[in-house]
Amino acid sequence: MMTSASAADLLCLPLSLPPHPSYRYSSSCSSSSYIPLLQKRRRNAASQHPFKLLSPNFPNRRRSTLSVFAKAVDFKAPLTESVRPDGDGEPNSTVLLDVTGMMCGACVSRVKSILSSDDRVDSVVVNMLTETAAIKLKKAAELPAGEEFAEKLTQCGFPTKMRESGLGIQEKVKKWREMVARKEALLLESRNRVAFAWTLVALCCGAHASHILHSLGIHVAHGSVFEALHNSYVKCGLALGALLGPGRDLLFDGLRAFRKGSPNMNSLVGFGSIAAFAISMVSLLNPELEWDASFFDEPVMLLGFVLLGRSLEERARIRASSDMNELLSLVSTQSRLVIAPSGSESADDSVLCTGAMCIEVPTDDIKIGDSVLVLPGETIPVDGKVLAGRSVVDESMLTGESLPVFKEKGLLVSAGTINWDGPLRIQATTTGSNSTITKIVTMVEDAQGREAPIQRLADSIAGPFVYTVMTLSAATFAFWNYIGTHAFPDVLLNDVAGPEGNPLLLSLKLSVDVLVVSCPCALGLATPTAILVGTSLGAKQGLLIRGGDVLERLAGIDHITLDKTGTLTEGKPAVSGVAYLSHGESEILRMAAAVEKTASHPIAKAILTRAESLNLDLPPTRGQIAEPGFGTLAEVDGLLVAVGTLSWVHERFQQKTDPSHLKILEESVMRQSSMNSSSSVHSITAVYVGREGEGIIGAIGISDSLRSDAKSTMLGLKQRGIRTVLLSGDREEAVATVAKSVGIENEFINASLTPQQKSGVISSLQASGHSVAMVGDGINDAPSLALADVGIALQIEKQENAASNAASIILLGNKLSQVAEAIDLARATMAKVHQNLSWAVAYNIIAIPIAAGVLLPNFDFAMTPSLSGGLMALSSIFVVTNSLLLQFHRPDRKERRADDAHKPV
């Protein structure tokens, strides 16, 4: 009986989130297990059988395949300080730091410089938006270095601490939300400073307003207040209030950064404001100079524009992180654990069986095998299998599709999806950091921390940018004070030189303009803001992209290679025919299923499913050996049995089947499969069965329907200027049929390929200067996915495998049309990056010379510090806002719609 407390728990509605593990693939079989089996069979063969078992060479192939894959596994960015082997077998370590105080690209460059100067550091990646620094060390023995790095950065003006590792879901969600709350608090504080600063601007500009009103014939600005605003000493007090009030943190940060050898944008603004105030003070306190140039309103307006721009920029940055916040909301930190009396849970199909108790516990406490209750409207907290209940589930966070999916007993559900209609009782299959949504969030975090190669160009410019601007400011002063005013005497007639045309005053003002108008921030924000929005948007659309570098490579792809089975086809094969030379249909299926019972390939599952449907009793086996892309070998009833491709099975045994019999066998199984296949558009693959002493004894036809979006996706890729190449291990006739159905030209068809040969085709294309992506779904595709410039894996049945581990992009919706969507998103993101960089570079190239007075001799135009500050703020706002426009990017799903229209109803 349920207690009142547990009943109340059922009414709770928790919503929340976590991060991502390292994916590893390891094979359970090895070449060493194969050798004793061969030796035993050879000894027996010498006395019993007149055949010779040929020694296969596939163990060597497997080792080379796995070595390529192991290189790809370490592809992800580091999460915490950890030790793992690198490609050469030597351990290395990574450290993740939370770094605050970075204001612009110069700060990022300075942080990288400080960390890279340590001899123990191999490489560094710094992200200003997520406030993280990832460090790869050369030696694992230097693990305590993390605290040293944090202390060193803190001493240099960048408060830093090491990222805590081993946190549960609840703590990770709490940590992220605390960071968001801290940014929002800073934004509120920034707004208050802006309000204060612009109040001072309004007071300082009161005198100007009265002049304007008088010129319009409106005489209202009279009285003691306006007379006080005209007083230079009152303006001096207001300017001093602006410097020590809303501008204090900015000035002190800039001066502190300069003193520690890492000047930033605040340094430039601070020097400009102080210089403008100092010029006005000198003019005020030394009337004998006859400058009559107390422009105390200039530093006030300068700080007002800069602080306003900084506030708008910070708000835009928070909006750029909104997609990540939306992902975080999909993670539930609390779950309803169902405890049922012994024996009742398995026998009762009700959502909550008699005598069961429901307890609300942290999701971190849920273990594999536990039962969890999910009520309508709640987020599913763990990956699992439905034990009881019927409902529809919103899986748009995985697939990008808005239509809900029906779920009932036996079907799988994913953490982060939303239950709509009825209550469900599910059995947890993966929990915590292994759940789908947790991996998505963590991989998106990693992706945003990995810089695109183009960012290095921006960093190389932003690093020395501040020193360069300070040098240009000094050069501007020297030129106009010693050369310019003599070469162009008319410039002294401009207002910037004061009423008396003072060369010193003109030189000082122009040098201040150069300091203030320059904007290293735009350079620093150009790439990471676009990458932040692009990767988060991709995750919302079911595209899990591992980094900005992946987006940059994907945008330049001109060739895409595709596997056939599970990629162009649905990956749900079924046995459609069985032909045999001896033993009968049931015996062929019985032996093949026994050999394949430990394999995970879709074809193996199809054979096992057919054997189970016929209630066949599978014999025990020994020493299963699987060679990806070829077949499986095992000892059944004392004899070796091989199941796989024709050539591979044929080579396994000395006893050879007559070629004419093989031809008849192939024709028979293909005829049966064609007659039995329900789909008019399908792929038929023949799997051969061989037995020791007999050779090939039968064949099993496997049919798999083409994906509904395969043809339209190939057409869409062609329209985007991308050539498609089909790589398959299947026989040439089957591959050609599929290629013709989807529109791939004959010259780009490659059949009967081993995994190594697939990699060879990709290498050849790369050697010819092409940028190549590989799309696959299985273990035999892993080497090619790792070798390609971009590896794209379709995630079938929400399960990770070697393909998704090796890939740099995972299609969570398991739709081929998402390949085109990923390319469109990559191109849109990189277009924003190029626009931002072009703007940032062009702005500084144009604005700095104008601020230095290049237009003064011929056009009598010169900037003021306030105008310069406004333009500088506008530059940063433009870059962030332009990146935010990427949020309006929507995938073009006409490929899906075109095929959906032709689906049978």
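Conditions (1) part of a loop (DSSP other than H, G, I, E, B); (2) modelled with pLDDT of 85 or more; (3) closer than 30 Å to I702 by Cα, marked per residue:
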| position | (1), (2), (3) |
| --- | --- |
| S511 | no, yes, no |
| V514 | no, yes, no |
| A539 | no, no, no |
| T567 | no, yes, yes |
| V575 | no, yes, yes |
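Could you identify the single residue in E401, E445, E451 that is modelled with pLDDT under 85 and in a helix (DSSP H, G or I)?
E445
Could you tell me how many of the residues in the range 637-655 are under 14 Å from I697 (Cα atoms) and not in a helix (DSSP H, G or I)?
10
Cβ-Cβ distance below 7 Å, separation of 6 or more or different chains: which pairs start in the range 172-195 with a residue that is closer than 20 Å to L243 by Cα and end on one that is basic (K, R)?
L187/R315; S190/R310
Hey, could you check the range 285-326 for residues that are surrounded by fewer than 17 Cβ atoms within 10 Å (Cβ to Cβ) and more than 26 Å from C521 (Cα to Cα) and say which is modelled with the lowest pLDDT?
D292
Just the residues that are β-branched (V, I, T) and assigned to a loop (DSSP other than H, G, I, E, B), please, taken from the range 581-636.
Result: T598, single match.
If I go through the range 474-509 residue by residue, how many of them are β-branched (V, I, T), free of Cβ contacts under 8 Å to residues at least 60 places away in the same chain and open to solvent by less than 80 Å² (accessible area, probe 1.4 Å)?
1
Do we have any residue at all in the range 608-617 that's open to solvent by less than 40 Å² (accessible area, probe 1.4 Å) and touching a Ser or Thr at 6+ places or on another chain (Cβ under 8 Å)?
Scanning the range 608-617 turns up no residue that is open to solvent by less than 40 Å² (accessible area, probe 1.4 Å) and touching a Ser or Thr at 6+ places or on another chain (Cβ under 8 Å).
Which numbered condition in (1) closer than 29 Å to Q756 by Cα; (2) surrounded by 24 or more Cβ atoms within 10 Å (Cβ to Cβ) is the only one that S576 fails?
(1)
Output yes when any residue across the range 267-283 is crowded, with 24+ Cβ neighbours inside 10 Å, in a loop (DSSP other than H, G, I, E, B) and at pLDDT below 80, and no when none is.
no
The values are calculated or read from the model by the stated rules, or taken from the named source; none is laboratory data. These numbers come from a predicted model, not from an experiment. In this analysis, Cβ positions are derived from the backbone assuming ideal geometry, glycine residues included, and neighbour counts consider all displayed protein chains. Surface accessibility is based on the protein's heavy atoms, side chains included, excluding ligands, DNA and RNA. Shrake-Rupley method; radii C 1.70, N 1.55, O 1.52, S 1.80 Å.
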